[in-house]
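Read through the structure below, which is laid out as structure tokens, and then see the notes.
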Amino acid sequence: MKRGAFDPAAVTAFLVARHGAALGDAAVEIRPLAGGLCSEVALVTAQLRGGARPRRVALVAKLVHGAREAAVYRRLSTSVARRFSPELLGVQRLGRRRWMLYLEQVVPAHRWPWTDSANTAQVLDRLARFHGEAARGAALPAWDYAAENLAAAQSALSLAERLPRGEIPALARAMPALRRVVAALPAMRRQLLAFQPLGTTVIHGDVHPGNVMIRRRGGVGEPVLLDWARARVGSPLEDVSSWLQALGYWEPEARRRHDTLLAGYLAARGLAPALTRPLRDGYWFAAASNALAGALGYHLSIVSIARGSRAGQPGAAPDARAAAARNAADWLRVIRRADACWR
Ligand SMILES: Nc1ncnc2c1ncn2[C@@H]1O[C@H](COP(=O)(O)OP(=O)(O)O)[C@@H](O)[C@H]1O
Ligand SMILES: [Mg+2]
């Protein structure tokens, strides 16, 4: 996170508006939170006075570019997702496209709860409730996701074409599939969105372990979905495959129980838990669309920057390069699965 991204005066002004005299001249502490790639996030704490004893307030401040995410939170407040997302406490406009969101702090009960696949299944259950809800409340701001997805896919492909084949051994084998899947992406997405009975609905759009926590409430663990910046209208299978594929990369248990978890999602939607051919096709088209929306291009770009560093230019460290190559190979496996379904 960039130093000084958070203006203490603006943060204090928000706390004064919220807590009034109780804030007094209390010191406001702003501590960056690691984890985000796209935005800047910090934990804000202060001691309030008044009452029998001092009370600590803690909230999360997220600096975002544009008003979209705030609009999404407003939409969530009228949906079932308000029960499993942080509450939006307030919004501040800081500049032409700079907004600060103030969010309820979610305290995770575990650092890595996903070795227990019951927690993984609970996330799918919450997604099923959210996806299954009839659209109500405010509409989401428009987003031409299909166009953005295709542009990102084409740039990932041109990056892959330029990388020497030896850089990622899986790349040489996957290139024909990658070319076919990028060419077919618009048609694959049309088939995905038309797949019944799931069709389209409002989706989270970025479900991975960095955006999900399990918190403890009333003695039981419950999932919370963070980071609704990519919420949009899409296929529920985009969320389901995003969650299962991202988690499967890190967690062998999620890989082993993949089909059971997927069937569990269908059951939570009130559908027969059968992994039919059209369901599997839709699932892999959704996974490929997710891969091409950013992850594959991101990891390929790290590998290509690291090549520059070997030639004496600044670039990524060898560890980062090896991790990116492994990640890219994993996403290429998804591309090959989608290609096999399409042919
Ligand atoms: N409401 C919250 N409570 C606790 N931690 C949070 C909260 N919001 C974000 N975080 C932490 O900050 C990280 C980045 O936030 P996120 O909203 O995912 O930003 P980005 O859009 O940059 O990915 C998360 O992975 C999480 O660790
Ligand atoms: Mg995030």
For this session: Report yes if residue 219 is assigned by TED's automatic domain parsing to the domain that holds residue 277 and touching a Gly at 6+ places or on another chain (Cβ under 6 Å), otherwise no.
Result: no
Seminar exercise, completed: Scanning the stretch 10-67 residue by residue, those of a type in the set (S, T, N, Q) and either farther than 23 Å from residue 95 by Cβ or touching a Cys at 6+ places or on another chain (Cβ under 7 Å) (or both) turn out to be 45, 47
Exercise. Does the stretch 11-50 hold any residues that are away from ligand 1 (no atom under 15 Å from the Cβ), of a type in the set (A, V, I, L, M) and surrounded by fewer than 13 Cβ atoms within 10 Å (Cβ to Cβ), and which are they?
Worked result: 13, 17, 21, 27
For this session: Specify which of the listed residues (173, 189) is away from ligand 2 (no atom under 16 Å from the Cβ), assigned to a helix (DSSP H, G or I) and surrounded by fewer than 17 Cβ atoms within 10 Å (Cβ to Cβ).
Result: 173
Problem set entry | Residue check, residue 318 in contact with a Gly (Cβ under 8 Å, 6 or more places away or on another chain) and modelled with pLDDT under 90 | no
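The values are calculated or read from the model by the stated rules, or taken from the named source; none is laboratory data. From a predicted model like this one, the values you see are computed outputs, not experimental measurements. Every residue, glycine as well, gets a Cβ built from its backbone with ideal geometry; the counts of neighbours run over all protein chains shown.
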